[in-house]
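Notes to accompany the following structure.
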Amino acid sequence: MFFTDWEGPWILTDFAYELAVSIFNNGTFFEKLSRYDDYLAYEVKKEGYEAGDTLKLLAPFLVAAKVSNKEVEKIAELVARFVPDSSKAMKFLQQKYKPVVISTSYIHYLSKTAELIGVKGYLHGTEIDFEKYELDERERMEILNAIDKITSLSGEELINFLDEFFWVELRKKRVGKILDEIKAVGGERKKEIVKRYVEEFSVDRIIAIGDSISDYKMLDWVRKQGGLAVSFNGNEYALKYSNIAIVSDSAISEALVVDLFIRSGYEKLKEIEKELDNYSVEIKKLFLNSNTKIYHLDEIDYKEILDKSLNMRRRLRGRVGELG
């Protein structure tokens with residue numbers, strides 16, 4: 001059994017961003033929400049707020065736009081772009097291990113895209129029924145009009161507006177209950193899901209893969225249990241709490257790290273190239289042809305490789321690689 005985030009380690013798409021572009025034709029709007037999410041979770045540490053709750057913040061706008069569950073699934077299939085070799089890497093791993101995919105993304109997207117590369121494991125994503133909520137026309141327009149306002153603001157003005165909008169104004173509306181009902185799978189919830197599986201299945205060698213702010217609590221917990229916390233093209237939030245950093249353009253790299261660690265333990269990871277002869281010609285070739293570097297963060301400061309990790313992140317994911 002291995003634990004992994006989805007967006008970043010396996011799929012390149014940031015689905016919440018793509019939804020904002022597809023539905024509102026406004027990626028900047030989502031970027032502003034994402035920065036606000038970082039601010040609430042990591043800077044002011046708002047009580048009851050978790051990294052990844054951006055999905056909760058976005059939901060009222062999607063409901064106001066009358067988005068259907070089927071439409072979300074269709075967009076998921078259209079925009080999906082995977083890390084190179086994801087399908088082969090997942091097939092290789094699933095011959096021996098059960099994946100536990102823990103993603104902040106909406107479950108519609110996670111289920112649809114996991115199916116595309118043949119994932120047969122446990123899936124945990126943010127649950128929401130977009131058709132459950134009904135708004136009157138006035139409420140709808142007030143929420144939708146806020147999109148342009150959010151896009152136009154920055155700095156303290158933006159924070160003040162969003163504080164008022166989400167935690168005061170929306171609370172007065174029927175749609176405000178979305179903020180209470182949606183439990184985005186990020187931060188603490190990711191950690192708790194891993195803990196539950198570890199206890200239930202008596203997992204001996206714990207390994208978790210993440211890349212961003214919503215993964216850091218999961219990674220930190222795994223590391224403190226003596227397990228392997230893996231940053232895959234991670235940003236500073238992920239690198240800071242990992243003991244291995246993979247900088248790579250191929251999912252085969254993370255597959256080999258998972259397999260070697262579960263089979264042989266941490267020390268064998270330092271001899272990964274010597275171990276390649278134990279794998280099939282195809283797997284070995286994919287790894288050697290990839291642009292992969294593996295760093296042991298107990299030997300170097302994460303800041304020394306931060307730029308390398310961020311550069312690969314941007315190269316693969318483009319603009320969304322900048323998001324928390």
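Rule-based calculations on the coordinates, nothing more; no lab input. Keep in mind that what you see is a predicted model, and the values were worked out from it rather than measured. Because the Cβ atoms are built from the backbone with ideal geometry, glycine has one as well, and the counts that use them run over all protein chains shown.
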Could you list Ser264, Ser242 so that the one with the fewest beta carbons within 10 Å of its beta carbon is first and the one with the most is last? Ser264, Ser242
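Provide the FRET efficiency to the nearest 0.05 for the Asp163-Arg81 pair, computing r from the beta carbons and using R0 = 41 Å.
Values: r = 34 Å, r/R0 = 0.84.
Step by step, r from the Cβ atoms, then E = 0.75.
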In debye to the nearest 20, how big a dipole does the chain give about its Cα centre with +1 on each Lys and Arg Cβ and -1 on each Asp and Glu Cβ? 680 debye
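First check a/c for the stretch 158-241, with a ≥ b ≥ c the square roots of the eigenvalues of its C-alpha gyration tensor; if it is under 1.5, answer rounded, and if not, answer prolate when a/b is larger than b/c or oblate otherwise.
Cα axes put the stretch 158-241 in the oblate bin.
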Where in the stretch 10-38 does the label zone of Lys173 land, with the point 7 angstrom along Cα→C-beta and an amide N cut-off under 12 Å? none
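Would you kindly calculate the translational diffusion coefficient of the stretch 199-267, applying Stokes-Einstein with the Kirkwood radius from alpha carbon pairs, for 37 °C and a viscosity of 0.692 mPa s, and quote it in µm² s⁻¹ without decimals? Provide the component values of the computation, followed by the final result.
Numbers: Rh = 12.0 Å.
Answer from the Stokes-Einstein relation: 274 µm²/s.
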Here the FRET efficiency for Glu192 versus Ser264, based on Cβ atoms and R0 = 35 Å and rounded to 0.05, is 0.75
Nearest 5 percent is fine: what portion of the DSSP beta bridges confined to the chain is antiparallel? 25 percent
With point charges of +1 on the Cβ of Lys and Arg and -1 on the Cβ of Asp and Glu, referenced to the Cα centre of the chain, which listed residue (Val72, Gln95, Phe29) lies farthest in the positive direction of the dipole? Gln95
Rg and Dmax of the stretch 232-324, using alpha carbons, in Å: what are they? 13.4, 38
Once both labels are modelled 7 Å past Cα along the beta-carbon direction, what's the Leu116-Glu134 spacing in nm? 3.5 nm
Per principal axis, descending, Cα span of the stretch 22-130 in whole Å: 43, 31, 25
About its Cα centre, what dipole magnitude does the stretch 58-165 give when the only charges are +1 on Lys and Arg Cβ and -1 on Asp and Glu Cβ, stated in debye to the nearest 20? 1080 debye
The stretch 1-70: which GluC sites (Glu not before Pro) are DSSP loop and have at most 10 other beta-carbon atoms within 10 angstrom? Glu47
Report, in whole Å, the centroid distance computed from the Cα atoms of the stretch 259-324 and the stretch 166-223. 25 Å
Point-to-point label distance, Lys183-Glu273, nm (Cα→Cβ direction, 7 Å offset): 4.7 nm
Taking the mean number of other Cβ atoms within 10 Å as a proxy for protection, how do you rank 187-193, 289-295, 153-159 from highest to lowest? 187-193, 289-295, 153-159
Identified option (computed volume of the Cα convex hull per residue in Å³; candidates (i) 166; (ii) 127; (iii) 147): (ii)
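What order do you get for 221-230, 196-205, 177-186, 105-114 when each peptide is scored by the mean count of other beta carbon atoms within 10 Å, highest first? Kindly include the intermediate steps, with their values, before the conclusion.
Working: 221-230: 21.2, 196-205: 12.8, 177-186: 18.9, 105-114: 22.8.
Highest to lowest by the protection proxy: 105-114, 221-230, 177-186, 196-205.
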In percent, how large is the relative contact order of the chain, given Cα pairs closer than 8 Å and 6 or more residues apart? 21 percent
Gaussian network model of the chain, Cα springs within a sub-10 Å range: biggest mean-square fluctuation belongs to which of Arg140, Arg263, Arg313? Arg263
Can you classify the stretch 1-46 as rounded, prolate or oblate using the Cα gyration tensor, where a ≥ b ≥ c are the square roots of its eigenvalues, rounded means a/c under 1.5, and otherwise it's prolate if a/b beats b/c and oblate if not? oblate
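Cα convex hull of the stretch 86-190: mean projected area in nm², to one decimal? Walk me through the numbers on the way to the answer.
Values: hull surface 36.5 nm².
Across all orientations, the stretch 86-190 yields a mean hull projection of 9.1 nm².
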